[in-house]
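Scroll down for the structure; my scribbles are underneath it.
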Amino acid sequence: MQNGITQVPFGTLPDGRQVAEYTLRNNNGMVVKILDFGGIITEIHVPDRDGVFADVALGFETLDPYVKDSPYFGALIGRYGNRIGKGRFTLDGKEYQLTVNNGNNHLHGGDPGYDKVLWTAAIEGDSLVLRYDSPDGEQGYPGNLVATVTYRLTDDNEIVVHFSAVTDRPTPVNLTQHSYFNLAGAGQGDILGHEITIDADKFVPIDAESIPFGELAPVTGTPFDFRKPRTIGERIGQPDKQLRHGTGYDHCWVLNRKPGERGLKRAVHVVEPASGRVLELFTQEPGVQFYSGNFLDGSLQGKGHPWIFRSGFCIEPEHYPDSPNQPAYPNTILRPGEVYETESRFRFSVAQ
């Protein structure tokens, strides 16, 4: 044991490399387990209002399904989270073609993305630091990118996720964390009764292939208005074109920020009424992708449960999808000499 972080073997990749699982604990009994493969959070154990702990993260007990079948359970996402239309973008007058792995489009950095690579892990104090050197041309991206992710568990029951990256050529960068949560406990039914609040007056409308039109639409009068607490399931079945395009909620919300504001800001608040468990997301990012687990269908199993339709939700802090092709969206191009740096915090508590 070193500084409260322990390490055990978690399996072997097809090429023979060993994967390790790291366990982070705090003084409240909260436990988070993370792989060096994909930076995957495999377990998050937090108490309910009666002090009963449960694992609230969807995932698997073994390595093989993370390698083969996982819908990004718990993973780090890069080089670009979310979609890039047709896998194409033009940068400094040159057109780049990325791999396409989601119909006609590029999703979550391609396959394999950062969710399916072995990161170099180091324990530094109370933090787990993961590094990945992404080569020039990987999945079509220009430039050698060095990405570093620091995970830390605080005594405020926060999972701190700090990203940084540098490049030797201009390249799009949009890193995020893709855990699926069920605050009743992983495998304990669907998430439709969870109450969610999102601090966003606007969201990013998408076409039938989940690519933005380029506009930002007001949430007022739509099923996307979560400025006050509403259950996930309350309006998810309404005859709304955007809900049809996402097969439910699978959209980016434009977080309310003042121009130039870059501090940590509470973006999302979720409560599961029966257990009282609360999850809050604080982030420096301009957007958050809220996904209601629409493509889970029970065909995947883990931790003794089938991962059924809408049995987990994701709140992915990020820049807007397809930003390299949308000049009006906030910049996602990292250039040599610059440092990409952003932090998000997932804070767990119980409703009083």
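According to the square roots a ≥ b ≥ c of the eigenvalues of the Cα gyration tensor, what is the shape class of the range 281-348, taking rounded for a/c under 1.5, prolate for a/b larger than b/c otherwise, and oblate for the remainder?
Numbers: a/c = 2.77, a/b = 2.06, b/c = 1.35.
Prolate.
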Checklist entry - Quick one: Cα centre-to-centre distance for the range 299-344 and the range 257-277, in angstrom? => result 16 Å
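Roughly speaking, to the nearest percent, how much of the chain's 1.4 Å accessible area is carbon and sulfur? Numbers along the way, then the final one.
Values: 6640 of 13710 Å².
Looking at the chain in its full context, I get 48 percent from C and S.
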Item to check | Label point at A328 placed 7 Å out along Cα→Cβ; residues across the range 191-224 whose backbone nitrogen lies under 14 Å | outcome: 202-206, 212-218
Item to check | Reachable lysines, given that their alpha-carbon falls under 30 Å from the alpha-carbon of K33 and they are not under 8 places away in the same chain | outcome: K68, K116, K265, K303
Checklist outcome for this item: Averaged per residue, the 1.4 Å probe accessible area of the range 43-135, protein heavy atoms only, in Å², is roughly 40 Å²
Checklist entry - Which of E318, E272, E124 moves most in a GNM of the chain, Cα contacts under 10 Å? => result E124
Checklist entry - Going by the alpha-carbon gyration tensor, a ≥ b ≥ c the square roots of its eigenvalues, is the range 79-170 rounded (a/c under 1.5) or, if a/c is not under 1.5, prolate (a/b greater than b/c) versus oblate? => result prolate
Checklist entry - Which residue fluctuates the most in the chain, going by a Gaussian network model with Cα springs under 10 Å, if the choices are V204, V117, V32? => result V117
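Please find the FRET efficiency linking D64 to D297, where r is the Cβ-Cβ separation and R0 is fixed at 22 Å, and quote it to the nearest 0.05.
Working: r = 19 Å, r/R0 = 0.88.
The computed FRET efficiency comes out at 0.70.
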Checklist entry - What chymotrypsin sites (Phe, Trp or Tyr not before Pro) does the range 259-300 have in DSSP loop regions with at most 16 other beta carbons within 10 Å? => result F295
Next on the checklist: Suppose the Debye formula is applied to equal point scatterers at every Cα of the range 100-250; what is log10 I(q)/I(0) at q = 0.10, 0.12 Å⁻¹?
Outcome noted: -0.53, -0.76
Checklist entry - Where in the range 60-82 is the amide nitrogen less than 11 Å from a point lying 7 Å along the Cα-to-Cβ axis of L264? => result none
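Grab the DSSP H runs of the chain that are 4 residues or longer, score each as -39,500 (n - 2.57), total them, divide by all residues and round the 222 nm result to the nearest 500 deg cm²/dmol.
Numbers: 2 runs with 12 residues, N = 352.
Only helices count here, giving -1000 deg cm²/dmol.
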Checklist outcome for this item: Reduced to Cα centres, the span from the range 1-59 to the range 101-163 in Å works out to 17 Å
Next on the checklist: Below 8 Å between Cα atoms, with a sequence gap of 6+, how large is the relative contact order for the range 233-341 in percent?
Outcome noted: 21 percent
Item to check | GNM flexibility winner over the chain from F73, F89, F181 (Cα, springs under 10 Å) | outcome: F89
Checklist entry - Tell me, what is the FRET efficiency for S164 and F213 to the nearest 0.05, using R0 = 22 angstrom and their Cβ-Cβ distance as r? => result 0.10
Checklist entry - To the nearest 10 square angstrom, what accessible area does H305 show with a 1.4 Å probe? => result 50 Å²
Checklist entry - Looking at T222, V161, P212, which one has the Cα that reaches farthest to the positive end of the dipole of the chain (charges on Cβ: Lys, Arg +1; Asp, Glu -1)? => result T222
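Is the shape of the range 25-82 best called rounded, prolate or oblate, per the rule: a/c under 1.5 gives rounded, else a/b larger than b/c gives prolate, else oblate, with a ≥ b ≥ c the square roots of the Cα gyration tensor eigenvalues? Spell out each step's value before the answer.
On the way: a/c = 2.36, a/b = 2.01, b/c = 1.17.
It comes out prolate by the Cα gyration axes.
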Checklist entry - Mind listing the Cα extents of the chain along all three principal axes, in Å, largest one first? => result 58, 51, 40
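Once the Cβ-Cβ distance between L91 and D111 is put in as r, and R0 is 22 Å, what FRET efficiency do you end up with, to the nearest 0.05?
Numbers: r = 22 Å, r/R0 = 1.00.
Once rounded, the FRET efficiency stands at 0.50.
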Checklist entry - Under the definition of Cα pairs under 8 Å and six or more residues apart, what whole-number percent is the relative contact order of the range 174-225? => result 25 percent
Checklist entry - Under unit Cβ charges (Lys, Arg +1; Asp, Glu -1), what dipole magnitude, rounded to 20 debye, does the chain have relative to its Cα centre? => result 520 debye
Next on the checklist: I'm checking a number: the convex hull volume of the Cα atoms of the range 27-145, normalised per residue, in Å³. What is it?
Outcome noted: 139 Å³
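The values are calculated or read from the model by the stated rules, or taken from the named source; none is laboratory data. Just so it is clear, the model here is predicted, and its values are computed rather than measured. Glycine also receives a Cβ, built like all others from the backbone with ideal geometry; neighbour counts cover every protein chain displayed. We work out accessible area using only protein heavy atoms, side chains counted, and drop any ligands, DNA or RNA first. Shrake-Rupley method; radii C 1.70, N 1.55, O 1.52, S 1.80 Å.
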